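The structure follows.
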Amino acid sequence: MSFFKYPFWLLYRVWFYILVAIPIIVLFPLLIISISREEWYRYFFKLARIWSKFILIGMGFGYKIIREETPDPDKSYMFVANHTSMADIMLMLVAVKNPFVFVGKQELAKIPLFGFFYKRTCILVDRSSPKSRQAVFLRAQRRLNQGVSICIFPEGGVPEEHILLDEFKDGAFRLAINHQIPVVPITFYDNKKRFSYTFFSGSPGRMRAKILPFVSTIGLTSTDTKALNAKTRTLIWDELTTNQITKKSYPNQE
């Protein structure tokens, strides 16, 4: 059986990168125009959502989004989620309709074609550099002031395969408190199983994401950062460990 699995996994990985490239090539003129000015970012975001759906469907991932609370399209938020897969970016773009900017590791900017747009639309961070982390904080503040939301995977990277949920870094929560914007916890249940960072793994199937009740930051100060971090992580942890999702309980699905 393994004799057939390994060629499938190899082709499956190659197919993923082909799917990443196709819509970028097709939409290239529109993408270039949409990133030429920061105020046009909302148009880029709409194209990015189309790109994401194309990849998920092309990979055979039937996604389901459950919302316990729905973000207001006229407000800014701090979106946070567990990080397990290269498909997390796509599922986040599908799950959240409010335009947001990713804060992500600068290594992804090296990916051909994808990296060109990634480094021009996302806030890149070198987590080993305090100066880089400070620059990220200032850039994120500017984008929030423009009315755009921020998305951060607070684990600070993808944890080892055996770790269900790593400890969270404080940056996302400090930023949310400074701007008094809600933290929106999101749980990805199946991404590690469907398409993890382990090369010889993965398969088509369902990907579920759940937007949990928002965590308010109104009235919080910087001294509350650790508590906000712990509260948010506990919400995501509890969802990952109980994993109880039913249509009857959560009718707001797509």
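Yes or no: LEU30 modelled with pLDDT of 95 or more, crowded, with 17+ Cβ neighbours inside 10 Å, under 30 Å from ASN145 (Cα atoms) and touching a helix residue (DSSP H, G or I) at 6+ places or on another chain (Cβ under 8 Å)?
Answer is no for this residue.
Something else now. What are the residue pairs meeting all of these: first residue in region 87-113, first residue closer than 16 Å to GLY156 by Cβ, second residue basic (Lys, Arg), Cβ atoms under 7 Å, and 6 or more apart or on different chains?
If the second residue must be basic (Lys, Arg), the pairs left are LYS105/ARG127.
Is one or more of the residues making up region 50-73 under 16 Å from the mean Cα position of the chain (by Cα), charged (D, E, K, R) and either closer than 25 Å to LYS119 by Cα or open to solvent by less than 20 Å² (accessible area, probe 1.4 Å) (or both)?
Checking region 50-73: at least one residue is under 16 Å from the mean Cα position of the chain (by Cα), charged (D, E, K, R) and either closer than 25 Å to LYS119 by Cα or open to solvent by less than 20 Å² (accessible area, probe 1.4 Å) (or both).
Which residues, counting only those in region 72-84, are within 29 Å of PRO204 (Cα to Cα) and of a type outside the set (Ser, Thr, Tyr)?
Correct list: PHE79, VAL80, ALA81, ASN82, HIS83.
Of everything in region 74-112 that's open to solvent by 10 Å² or more (accessible area, probe 1.4 Å) and of a type in the set (Asp, Glu), which residue is nearest to ILE218 (Cα to Cα)?
Ranking the qualifying residues of region 74-112, first place goes to ASP74.
Looking only at region 165-178, which residues are open to solvent by 50 Å² or more (accessible area, probe 1.4 Å) and either aromatic (Phe, Trp, Tyr) or over 17 Å from ASN82 (Cα atoms) (or both)? Lay out the reasoning, then the answer.
In the first step, residues of region 165-178 are kept if they are open to solvent by 50 Å² or more (accessible area, probe 1.4 Å); the result is 166-167, 169, 174, 178.
Hits for region 165-178 are ARG174, ASN178.
Would you pick out the residues in region 199-233 that are open to solvent by 70 Å² or more (accessible area, probe 1.4 Å) and in a helix (DSSP H, G or I)?
SER222, THR223, LYS226, LYS231
Take the conditions over 30 Å from TYR17 (Cα atoms), modelled with pLDDT under 95, in contact with a strand residue (DSSP E or B) (Cβ under 7 Å, 6 or more places away or on another chain) and surrounded by 15 or more Cβ atoms within 10 Å (Cβ to Cβ) and apply them to ILE181. Does it pass?
No; evaluated as a whole, the condition is false for this residue.
The values are calculated or read from the model by the stated rules, or taken from the named source; none is laboratory data. The shown structure was predicted, so the numbers you read here are calculated from the model rather than taken from an experiment. Methodologically, a virtual Cβ is constructed for each residue, glycine included, from the backbone with ideal geometry; neighbour enumeration extends over all protein chains shown. For accessibility, only protein heavy atoms count, side chains too; no ligands or nucleic acids. Shrake-Rupley method; radii C 1.70, N 1.55, O 1.52, S 1.80 Å.
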